[in-house]
Amino acid sequence: MGLRFVFLVLDAFDPARLSPRLTPNLWGWANTDGAMAGTGQSVMASCTYPNHASFITGQPPAAHGIYTNHVVREGKVHGAWEVGPSAPTLFETLNHRGTEAVLGDHHLVGVMRATAAERHWPFGGDVSQVDDLDLLGYPSDQAVLPQLVKALEGEAAFVFGYFGSIDTYSHVYGPDSDEAANAYRLVDQKIGVLHQVIGSRWQDSVIVVVSDHIQDTVAGPGIDLHTALGDEVVVIDEGSAALLSGNLDIDVLTAVDGIRGWESHADGTTLAWCGPGRYFGRSEEPVFVGIHGGNHTRAQLGLVSGGSPARLPLASAVREGPVLATYWANAIREAML
């Protein structure tokens with residue numbers, strides 16, 4: 001049936017938690033012949049949607065246009081899923097080989113332009129078709145699993161899958177909580193199911209497992225850029241990062257307590273970030289216990305396994321590390337075209 005790439009994202013999976021005790025199935029994948037696991041690095045902001053846009057295009061935010069989970073277009077804030085990436089995706093490049101996307105975050109359908117895949121789920125990004133939702137209203141891992149099994153039982157040469165529970169439980173209870181640890185265990189059990197499904201196609205397969213960021217526990221206090229920068233600046237709070245657009249005075253920004261860094265972009269926006277424990281927002285109390293977005297939550301899991309010789313250059317890149325989020329799509333494209 002030919003070479004197949006299986007690309008799995010485990011949202012918020014901390015590479016430091018890969019272990020034979022907590023995640024034995026993933027540990028097994030990481031320790032097969034020719035496999036490699038290590039730590040990669042996210043694009044900024046270290047949020048879900050900018051990194052997924054990079055995973056599927058191989059481009060940085062400056063090229064695909066998504067710097068945070070929301071974007072500014074003509075002075076108005078939009079969800080990144082409403083706009084999509086401004087760069088070709090693997091779904092488009094590889095569609096002649098067969099592509100499928102199974103996404104436990106319905107917004108990723110728009111963020112990654114997964115409608116270009118031969119099959120995608122949830123169809124049209126419509127979460128109303130999903131019976132089982134998690135604590136934050138995303139398709140649960142349990143709902144994702146049978147859809148992903150179905151994709152792996154098919155003949156598509158590129159299968160993209162996403163499990164979101166680690167991120168959800170880390171947000172709600174904190175990344176070091178028992179609830180988050182249990183989410184790791186349950187995701188790993190699903191990896192065991194996928195291993196059985198891949199079965200006879202192991203020798204034809206390259207398996208890539210990544211995360212998009214890690215999480216940090218909020219300690220406070222919050223940073224209110226809305227008040228500090230005034231009405232002429234549009235502020236998008238994204239955990240420990242913030243995207244700014246408008247008549248921004250950099251001197252005013254850098255004088256705000258808690259600002260650790262910033263970068264300006266060609267589209268006129270500026271990304272700012274704070275340090276560990278701090279968060280951006282108007283509220284005196286954080287919305288979540290666990291957050292991400294800043295420079296300190298950029299670590300990503302990078303794991304390459306499978307039986308196809310095509311895995312070896314990718315495994316070598318992980319060994320040399322750190323692999324950037326932009327690496328994967330270009331490496332897969334080169335291997336398959």
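The values are calculated or read from the model by the stated rules, or taken from the named source; none is laboratory data. It should be emphasised that the depicted structure is a prediction, and the values quoted were computed from it without experimental measurement. For neighbour counting, all protein chains shown are included, and Cβ atoms are generated from backbone atoms with ideal geometry for every residue, glycine included.
Quick grid of which residues meet (1) within 20 Å of the chain's Cα centre (by Cα); (2) basic (Lys, Arg):
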| residue | (1), (2) |
| --- | --- |
| Leu253 | no, no |
| Arg282 | no, yes |
| Phe288 | yes, no |
| Thr297 | yes, no |
| Leu312 | no, no |
> Among the residues of the stretch 41-59, is there at least one that is surrounded by fewer than 18 Cβ atoms within 10 Å (Cβ to Cβ) and either in the same structural domain as Ala299 (by TED's automatic domain parsing) or touching a residue at least 24 places away in the same chain (Cβ under 8 Å) (or both)?
Replying inline: no
>> Please count how many residues of the stretch 1-13 are buried (at least 22 other Cβ atoms within 10 Å of the Cβ) and assigned to a loop (DSSP other than H, G, I, E, B).
In response: 3
> Hey, among the residues in the stretch 263-276 that are free of Cβ contacts under 8 Å to residues at least 60 places away in the same chain and within 11 Å of Gly294 (Cβ to Cβ), which one's surrounded by the fewest Cβ atoms within 10 Å (Cβ to Cβ)?
Replying inline: Gly275
>> Going residue by residue through the stretch 280-292, is there one that turns out to be closer than 26 Å to His171 by Cα, surrounded by fewer than 22 Cβ atoms within 10 Å (Cβ to Cβ) and among the hydroxyl-bearing types (Ser, Thr, Tyr)?
In response: yes
> For Ser305, which of the numbered conditions (1) without any contact (Cβ under 8 Å) to a residue 24 or more places away in the chain; (2) under 30 Å from Thr23 (Cβ atoms); (3) touching a strand residue (DSSP E or B) at 6+ places or on another chain (Cβ under 7 Å) fails to hold?
Replying inline: (1)
> With respect to Ala151, is the statement that it is touching an Asp or Glu at 6+ places or on another chain (Cβ under 7 Å), under 26 Å from Val289 (Cβ atoms) and free of Cβ contacts under 8 Å to residues at least 60 places away in the same chain true?
Replying inline: no
> Of these, Leu136, Leu194, Leu148, which one is surrounded by fewer than 17 Cβ atoms within 10 Å (Cβ to Cβ) and either closer than 30 Å to Gly239 by Cβ or not hydrophobic (A, V, I, L, M, F, W, C) (or both)?
Replying inline: Leu136
> Here are some residues: Ala87, Ala80, Ala114, Ala30. Which one is without any contact (Cβ under 8 Å) to a residue 60 or more places away in the chain and within 21 Å of Val149 (Cα to Cα)?
Replying inline: Ala114
>> Considering only residues that are closer than 20 Å to Gly321 by Cα, of a type in the set (A, V, I, L, M, F, W, C) and out of contact with any Ser or Thr (no Cβ under 8 Å at 6 or more places or on another chain), which ones fall in the stretch 40-59?
In response: Met44, Phe55
> For the stretch 115-132, which residues satisfy the criterion of being farther than 12 Å from Val102 by Cα and of a type in the set (Ser, Thr, Tyr)?
Replying inline: Ser128
>> Among the residues in the stretch 197-220, are any charged (D, E, K, R), crowded, with 24+ Cβ neighbours inside 10 Å and in contact with a helix residue (DSSP H, G or I) (Cβ under 8 Å, 6 or more places away or on another chain)?
In response: yes
> For the stretch 284-320, which residues satisfy the criterion of being closer than 23 Å to Ile214 by Cα and at pLDDT below 95?
Replying inline: Glu285, Pro286, Val287
